[in-house]
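Quick notes on the structure that follows.
The values are calculated or read from the model by the stated rules, or taken from the named source; none is laboratory data. Predicted model only: the values in this text are computed from it and were never measured. No Cβ is skipped: glycine too gets one built from the backbone with ideal geometry, and neighbour counts run over all protein chains shown.
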Protein chains: 2
Amino acid sequence: MTALDEYKAQRAELIASERALRFDAQTIANATDKEKRAVEIVSALRAKEAQEIWNADAEKLMYPGMEFLTAKKTILGTKLYQVVKKLPKGGLLHGHMDAMCDAKFLLQSALEYPQMHIRIDTVITSGLTLPLPQFKPLTADLCAQYANAPSLTSPEYVPGSWVPLTKARNEFAHGGSEAFDNWVVGSMMINPKEAYVDYNTSVKIWEKFATTFRVAGGMIRYEPVMKQYMRQVMLSSIEDGISYVELRINFFYKLGIREDGAETLGHQDYLRLLREVIQEVKGKMKAENREDEFIGAKVIYTTLRFIDNQELLWYLEDCMTLKKEFPDLIAGFDLVAQEDTNKPLIYYIESLLWFQEESKKRGLDIPFIFHAGETLDDGGAADSNLYDALLLGTKRIGHGFSLAKHPLLMKMCKERGVAIEVCPISNEILRLTSSMPMHPLPVLLNNGVSVALCPDDPSVFGNMGLSFDFFQVIVASEVTNILSLKQLARQSLEHSSLDVEDKKRAVEIWEKRWNAYIEEIVSSKTA
Amino acid sequence: MTALDEYKAQRAELIASERALRFDAQTIANATDKEKRAVEIVSALRAKEAQEIWNADAEKLMYPGMEFLTAKKTILGTKLYQVVKKLPKGGLLHGHMDAMCDAKFLLQSALEYPQMHIRIDTVITSGLTLPLPQFKPLTADLCAQYANAPSLTSPEYVPGSWVPLTKARNEFAHGGSEAFDNWVVGSMMINPKEAYVDYNTSVKIWEKFATTFRVAGGMIRYEPVMKQYMRQVMLSSIEDGISYVELRINFFYKLGIREDGAETLGHQDYLRLLREVIQEVKGKMKAENREDEFIGAKVIYTTLRFIDNQELLWYLEDCMTLKKEFPDLIAGFDLVAQEDTNKPLIYYIESLLWFQEESKKRGLDIPFIFHAGETLDDGGAADSNLYDALLLGTKRIGHGFSLAKHPLLMKMCKERGVAIEVCPISNEILRLTSSMPMHPLPVLLNNGVSVALCPDDPSVFGNMGLSFDFFQVIVASEVTNILSLKQLARQSLEHSSLDVEDKKRAVEIWEKRWNAYIEEIVSSKTA
């Protein structure tokens, strides 16, 4: 053997040794011939489009995995996106209920109901700077009272007074209904200028981010809209190849407004409604002979990480009560909101330890599924939420963006089977990373940590379903291929909150769909 | 013990276990009381300035560790910077000779010589868009020929013709000599708009980056300027608390121009000149009773990673010839230029293996000290340079930006004592990371990999010395403290190319200086 041959053999061995540590090593080792062929086809497509689409114009600042909001239109025009779109993705494990559906869909739904009203805090003086709209469905009495109120752009409009939504839209003086829709939808989303220029830091963009929820919440809380919204979450997920969803729901003290405007829709009512919708969607799928495409949905009970311990105890009690009544629906407990600016988990430690003890006593299985490490902090309070999440036995970690910096905690995740719900596009738009190539995801994958890709708040980011996040991940790496995505999809089911039997069935069904998918790729119908 | 106490004990233990893996664990474990006090003082100062300076105006997009070019003025106004400035930093292990001194200093030096000429390729039509200037010292004949040439901004100027530098400056019509200086200096640096707007990708900013070397090179290659430049590299480093420098020098085929304009200054001449300057600076320091502040300088022979193998063989031969004549100066061999767009190490593998064999035969110790992994690539050719660098026994790794993604290679670095020359500000301006909080450095530090912080090309980035890079690192982390910086400084000497005796002496001197520094901090003269 020459020195060169020897070198090349050593090199191949070293690369193989490192690849063997990766999360997808087993999947790749067990690949069928057809799967190997599919890897070649899809990787060649990626390389081709890198040249012909992403790097076509040397003057443009474009590249694979670039800023999502700027790239979205280009992504939609790629063949690779079409391939990823059809991929059976398993479960969507990290999505916030109030930010799951297309913002246009939400506005359309709200427009169907004459009870829905809109108001603003300041007078509109031009179409260029519009205030944040507020929405609320009113009782019959109030509807009558505001029926002839001056519209939003009328000189007679009194800030803070309600206007029927349809009227406000029809009489919108600064560009008509199209401009009205753009305004309302824009107030529920983040646009490129906001993310990449005006609020180009994590703390600043969260300010804008938070306002999108205030706008949408006024419509989503209305029972008939809520029901449409729940249905749409499931139907649109199914269309994206997602067969199971786990929804983080904020159980505010007052959760919803009845069809007649009464503010009496409670937590039980909400879960009953959700259960109905799940059954309805399952029925619909069965009727279409597509029952394999939808396994179901579950709920992670969440409250906000800025309340105090007394309030938290109320929510923890409420969570246990709901778990007792809806054992099949409630899958876990979590605290949400920006980690950098709010209370760390350690602040709530006594309440959380009590909850573990108490739920056990009551025979309730409510694991924590904590957001932790969604931060650029290094060794401070937000980053240290990872220690508490793991010590409190979190079932998975939401985001875990800073986990890549923690070798020991990554090891714990592997040993304990804790998967990380990585939200690539969310992290990018909320300015934890500037692009996919800068995202620390490869650190987790190369260390063999289990990951489930998630969209987080697709209505705000525009990354509906999972296709966009899968796309950004495969396009930004040379070592991540279609079989890596297979493993990511599988892990999303394996680490879901489905019970043993359902999980087994879900994985079996998914494997069948996967094989059909590979068949389609290699027979070149897709790529 | 209550459940709460037990939890807190477990938590402390977990955090301690992870901190024990860090690169600075030993240093922190062995800290003296004074050092512990210094940690408190400096960390408190950092926290105070985070609030009072970085986060003082909620409307501004400012934060600790933000984009260097935008932050520089603010950094200079902090007390923390003054503390870091005084820190004895050990060695500067990664700096490119042609980009080491303040660009203004270079222009000032060039202005001293009437032989220095300037030209441009196109006519200047306005002061807003100025072409790239070119510089060259001319022979006496040519100087006479161009003595009365029309100046750059004259209507008679013929593009491509030389103008005496002083004349061009004095007669610069678009804003006079100040505007002239801004133009020339600006063409040797990267400004915030270029880095963060116009060329906001790694590939694009390298285009601008490369032009700065073409401009500066025309002046630096001139023997008398060269000598001033070499001296200034050492003197300015000493003023920044650096006691040793290791310079990467591109040995172009034609290296320099003599005082009289003859293009005959060869590689031997260059090294003789450098040796002279080192001795001169040592003499000067001794005369000032400051000999402990300067240990010396060495050279890493570099050529460009876009030449072919035949050319490389010429340079490898040249490197061995020089090593034989200047064994104390030549410390290693490296290939430079952007990894993403040029040839990977594996392309040169036969030549590099030959060099290892051949230099061994000749009894020459010339380790590779390779740039590798200065890329956002994941698993492609540029990222894979890390495999080859390590398999070829690299003494250190230049940049190693993508090393954080490689658990096995990090392990190899630890086992083999390979330190990583991390260049935080360079990486940020060349758009591998958008800010320090996004930089993967903590992954290396938390895994216990040895790191030496380096400025890379300070004349282009404006991060003269090591203070700015040390500052960006300590300000962007809660877990990195003044003792972490101590360990970084120590590692820069331990992993230097100094021989055993010199290294021992260098570390001893440095420790003495460190103790004085701590003394100064705790006696509150500094912080």
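Here is a check on your reading of the model: is B:Glu239 exposed (fewer than 15 other Cβ atoms within 10 Å of the Cβ) and either aromatic (Phe, Trp, Tyr) or within 19 Å of B:Ser109 (Cβ to Cβ) (or both)?
In short, yes.
Any idea which of B:Lys204, B:Lys193, B:Lys254 is basic (Lys, Arg) and in the same structural domain as B:Val507 (by the TED database)?
The conditions single out B:Lys254.
Go through region A:34-76 and report how many residues are in contact with a helix residue (DSSP H, G or I) (Cβ under 7 Å, 6 or more places away or on another chain) and closer than 16 Å to A:Glu428 by Cβ.
11
Report yes if B:Leu444 is in a loop (DSSP other than H, G, I, E, B) and either within 21 Å of the chain's Cα centre (by Cα) or not assigned by the TED database to the domain that holds B:Tyr244 (or both), otherwise no.
For B:Leu444, the condition - in a loop (DSSP other than H, G, I, E, B) and either within 21 Å of the chain's Cα centre (by Cα) or not assigned by the TED database to the domain that holds B:Tyr244 (or both) - is not met.
Please tell me if A:Ile41 is away from every other protein chain (no Cβ under 11 Å) and over 29 Å from B:Asn200 (Cβ atoms).
Here the answer is yes, as A:Ile41 does meet what is asked.
Got a sec? Which of A:Val475, A:Val422 is within 22 Å of B:His406 (Cβ to Cβ) and within 14 Å of another protein chain (Cβ to nearest Cβ)?
One residue alone meets the criteria, A:Val475.
Looking only at region A:69-115, how many residues end up being in contact with a strand residue (DSSP E or B) (Cβ under 9 Å, 6 or more places away or on another chain), of a type in the set (Gly, Ala, Ser) and within 14 Å of A:Met464 (Cβ to Cβ)?
Count: 2.
Those residues that are in contact with a helix residue (DSSP H, G or I) (Cβ under 9 Å, 6 or more places away or on another chain), within 27 Å of B:Lys414 (Cα to Cα) and hydrophobic (A, V, I, L, M, F, W, C), I need them from region B:1-28; list them, please.
Result: B:Leu14, B:Ile15, B:Ala20, B:Leu21, B:Phe23, B:Ala25, B:Ile28.
Report, by residue number, each residue of region B:416-437 that is over 15 Å from A:His439 (Cβ atoms), in a loop (DSSP other than H, G, I, E, B) and either among the basic types (Lys, Arg) or outside the structural domain of B:Phe468 (by the TED database) (or both).
none
In the list B:Arg231, B:Arg272, B:Arg248, B:Arg214, which residue meets the criterion of being buried (at least 22 other Cβ atoms within 10 Å of the Cβ), of a type in the set (D, E, K, R) and modelled with pLDDT of 95 or more?
Within the list B:Arg231, B:Arg272, B:Arg248, B:Arg214, the selection yields B:Arg248.
In this structure, is B:Glu194 surrounded by 18 or more Cβ atoms within 10 Å (Cβ to Cβ), within 14 Å of chain A (Cβ to nearest Cβ) and at pLDDT 95 or above?
Yes.
With the structure loaded, tell me whether A:Ile249 is of a type in the set (Val, Ile, Thr) and within 17 Å of A:Cys319 (Cβ to Cβ) or whether it fails that test.
When the stated conditions are applied, A:Ile249 passes them.
Write out, first by first residue and then by second, each pair whose Cβ atoms fall under 8 Å of each other, whose residues are 6+ apart or on separate chains, and whose first residue, in region A:10-25, is at the interface with chain B (Cβ under 10 Å from one of its Cβ atoms) while the second is assigned to a loop (DSSP other than H, G, I, E, B) and hydrophobic (A, V, I, L, M, F, W, C).
Cβ pairs passing all conditions: A:Arg19/A:Val479; A:Arg22/A:Val479.
Give the residues of region A:409-429 that are under 30 Å from A:Lys72 (Cβ atoms) and among the hydrophobic types (A, V, I, L, M, F, W, C), sorted by residue number.
Within region A:409-429, A:Ala419, A:Ile420, A:Val422, A:Cys423, A:Ile425, A:Ile429 qualify.
Exactly one condition in (1) within 24 Å of A:Asp334 (Cβ to Cβ); (2) of a type in the set (Lys, Arg); (3) in contact with a Ser or Thr (Cβ under 9 Å, 6 or more places away or on another chain) is false for A:Arg275; which is it?
(3)
Give the residue, chosen from A:Glu112, A:Glu67, A:Glu49, that is closer than 30 Å to B:Ile346 by Cα and of a type in the set (Asp, Glu).
After ruling out the rest, the residue left standing is A:Glu49.
Take B:Phe370 and decide whether it is in the same structural domain as B:Phe251 (by the TED database) and closer than 23 Å to B:Ala297 by Cα.
So B:Phe370 passes the test.
Kindly indicate whether A:Tyr253 is out of contact with any Asp or Glu (no Cβ under 7 Å at 6 or more places or on another chain), more than 23 Å from A:Ser426 (Cα to Cα), not charged (D, E, K, R) and not in a strand (DSSP E or B).
Criteria met by A:Tyr253.
When region B:397-410 is examined, which residues are found to be part of a helix (DSSP H, G or I) and within 10 Å of chain A (Cβ to nearest Cβ)?
B:Ser402, B:Ala404, B:Lys405, B:Pro407, B:Leu408, B:Leu409, B:Met410
Exactly one condition in (1) outside the structural domain of B:Ala297 (by the TED database); (2) more than 20 Å from B:Glu519 (Cβ to Cβ); (3) modelled with pLDDT of 95 or more; (4) not aromatic (Phe, Trp, Tyr) is not met by B:Gly91; state its number.
Checking B:Gly91 against (1) outside the structural domain of B:Ala297 (by the TED database); (2) more than 20 Å from B:Glu519 (Cβ to Cβ); (3) modelled with pLDDT of 95 or more; (4) not aromatic (Phe, Trp, Tyr), the one that fails is (1).
Does region A:29-41 contain at least one residue that is within 19 Å of A:Pro442 (Cα to Cα) and touching a Phe, Trp or Tyr at 6+ places or on another chain (Cβ under 8 Å)?
Checking region A:29-41: not a single residue is within 19 Å of A:Pro442 (Cα to Cα) and touching a Phe, Trp or Tyr at 6+ places or on another chain (Cβ under 8 Å).
Within region A:284-327, restricting attention to residues that are among the acidic types (Asp, Glu) and free of Cβ contacts under 8 Å to residues at least 40 places away in the same chain, which residue is farthest from A:Lys395 (Cα to Cα)?
Top of the filtered list is A:Glu288.
Regarding region B:357-369, can at least one residue be identified that is in contact with a helix residue (DSSP H, G or I) (Cβ under 6 Å, 6 or more places away or on another chain), away from chain A (no Cβ under 12 Å) and assigned to a helix (DSSP H, G or I)?
Yes, region B:357-369 contains at least one residue that is in contact with a helix residue (DSSP H, G or I) (Cβ under 6 Å, 6 or more places away or on another chain), away from chain A (no Cβ under 12 Å) and assigned to a helix (DSSP H, G or I).
For region A:43-78, enumerate the residues that are among the charged types (D, E, K, R) and farther than 24 Å from A:Leu432 by Cα.
Of everything in region A:43-78, those that are among the charged types (D, E, K, R) and farther than 24 Å from A:Leu432 by Cα turn out to be A:Arg46, A:Lys48, A:Glu49, A:Glu52, A:Asp57, A:Glu59.
Pull up region A:378-396, narrow it to residues that are buried (at least 24 other Cβ atoms within 10 Å of the Cβ) and not in a helix (DSSP H, G or I), then point me to the one that is nearest to the other protein chains (Cβ to nearest Cβ).
Across region A:378-396, the extreme among qualifying residues is A:Thr394.
Test A:Ala31 against the criterion of being more than 14 Å from chain B (Cβ to nearest Cβ), in contact with a helix residue (DSSP H, G or I) (Cβ under 9 Å, 6 or more places away or on another chain), part of a loop (DSSP other than H, G, I, E, B) and at pLDDT 95 or above, and give yes or no.
Spelling it out, A:Ala31 is indeed more than 14 Å from chain B (Cβ to nearest Cβ), in contact with a helix residue (DSSP H, G or I) (Cβ under 9 Å, 6 or more places away or on another chain), part of a loop (DSSP other than H, G, I, E, B) and at pLDDT 95 or above.
For residues in region A:55-72 being in contact (Cβ under 8 Å) with a residue 60 or more places away in the chain and within 18 Å of B:Asp340 (Cα to Cα), which is farthest from the other protein chains (Cβ to nearest Cβ)?
Restricting to residues being in contact (Cβ under 8 Å) with a residue 60 or more places away in the chain and within 18 Å of B:Asp340 (Cα to Cα), the top hit is A:Pro64.
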